[in-house]
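Working notes, beginning with the structure itself.
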Amino acid sequence: MATYGLRCPHCTQPASVRSSRAETETLRSIIFRCSNLLCGFTFGADLQVTHQITPSAIPNPLVRLRIGTGRSAPRPREVPEPANDEAASGPAVPLSPPGPLTAMG
């Protein structure tokens, strides 16, 4: 049974889905039951689609959602951290020798 990571508000044990019903294209009513048999709490919750992060390739014309941003996507102007083997300001080894080349003999 799915838990959605939801916990009982009384005893804080995981709650599992007992049933659900589609209310609209973007709203679902869900009945949860606490997994703690001594608690026995049963409760209702609503799961609602609130915004789009990536648009659908086959959009439903009846569904209108605001455009949101993903939590994992980097923000504009954010510079990614360098990899472990790269220096933040450029290569650690100079690209050309510091002085004139001399032949060893």
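Every number here is computed from the coordinates shown, using simple stated rules; none is lab data. Source: prediction; values computed, not measured. All Cβ positions, even for glycine, are placed from backbone atoms using ideal geometry, and neighbour counts span all protein chains on display.
For an R0 of 30 angstrom, estimate the FRET efficiency from the Cβ-Cβ distance between residue 62 and residue 37 and round to the nearest 0.05.
Details: r = 42 Å, r/R0 = 1.42.
The value I calculate is 0.10.
Per-residue counts of other Cβ atoms within 10 Å, averaged by peptide: what ranking do you get for 4-15, 58-69, highest first? Could the numbers behind the result be given before it?
Values: 4-15: 14.4, 58-69: 9.0.
Per-residue Cβ counts within 10 Å, averaged per peptide and sorted highest first, yield 4-15, 58-69.
Within the stretch 41-60, find all residues whose amide N lies under 15 Å from a label point positioned 7 Å from the Cα of residue 13 along Cα-to-beta-carbon.
So the set is 41-43.
Work out the charge dipole of the stretch 1-51 with +1 on the Cβ of Lys and Arg and -1 on the Cβ of Asp and Glu about the Cα centre, then indicate which of 22, 6, 50 is farthest towards its positive end.
6
Taking the Cβ-Cβ separation of residue 6 and residue 53 as r and a Förster radius of 22 Å, what is the calculated FRET efficiency to the nearest 0.05? List each step's numbers first, then the result.
Numbers: r = 22 Å, r/R0 = 0.98.
Computed FRET efficiency for residue 6 and residue 53 comes out at 0.50.
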